Amino acid sequence: MKDSDKRKPVVMVVDDSPAALTVISKILSRYFEVEKASSGREAIDKATELKPDVMLLDATMQCVDGWEVCRRLKKDPSTSNVKIIMHTGYSERKKEEKAFSVGADHYVNKSVKPEELIEKIQSIIDEKEKD
């Protein structure tokens, strides 16, 4: 298979803020195939169907929040291998600890620079490919 035939890794961006969803998706779409979800319920449904390589998950959403989405996806054998980056506006250590306690693989603050986020996602994908 030629490099040009290689599929782009799938990254699902989950955020209930339309502006954040649009901006993040646009940045990531240059490097990855991006799927979007604007609610926790939609994220669970799409992840179950699509099995993205990585999910960038907003922690604080209405109804089903990111903490619960992460917990459910990690408990489900069909989605437990999806690498989840919890994405929040909080910089408190307690929130980072909570992210890991519900099964998140990584944690980033929403103020992360785009190039740092891209590098983090790519390193997660590279690590998954080694396994």
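The values are calculated or read from the model by the stated rules, or taken from the named source; none is laboratory data. Given the structure is predicted, the values throughout are model-derived calculations rather than measurements. As a convention, Cβ positions derive from the backbone with ideal geometry for all residues, glycine included, and neighbour counts pool all protein chains shown.
Among residues belonging to segment 57-73 that are charged (D, E, K, R) and more than 14 Å from Val13 (Cβ to Cβ), point out the one that is modelled with the lowest pLDDT. Walk me through it before giving the result.
Step one: filter segment 57-73 for residues charged (D, E, K, R), giving 58, 65, 68, 71-72.
Cutting the leftovers down to more than 14 Å from Val13 (Cβ to Cβ) gives us 65, 68, 71-72.
Details: Asp65: 92, Glu68: 95, Arg71: 96, Arg72: 96.
Here the residue is Asp65.
Residues of segment 10-22 that are more than 14 Å from His87 (Cα to Cα), surrounded by 14 or more Cβ atoms within 10 Å (Cβ to Cβ) and either modelled with pLDDT under 95 or out of contact with any Asp or Glu (no Cβ under 7 Å at 6 or more places or on another chain) (or both): none at all.
Ser25 - would you say it is surrounded by fewer than 17 Cβ atoms within 10 Å (Cβ to Cβ) and among the polar types (S, T, N, Q)? No. Restricting attention to segment 48-75, the residues being surrounded by 13 or more Cβ atoms within 10 Å (Cβ to Cβ), of a type outside the set (Val, Ile, Thr) and farther than 26 Å from Pro114 by Cβ number 4.
Would you check if Lys95 is at pLDDT 95 or above, closer than 22 Å to Ala20 by Cα and assigned to a helix (DSSP H, G or I)? So Lys95 fails the test. All conditions but one from (1) outside any helix (DSSP H, G or I); (2) over 20 Å from Ser25 (Cβ atoms) apply to Val108; the one that does not is (2). A search for C-beta distances below 8 Å between a residue of segment 106-123 that is farther than 16 Å from Ala59 by Cα and any residue that is in a loop (DSSP other than H, G, I, E, B) and aliphatic (A, V, I, L, M), counting only pairs 6+ apart in sequence or on different chains, returns Lys120/Val112.
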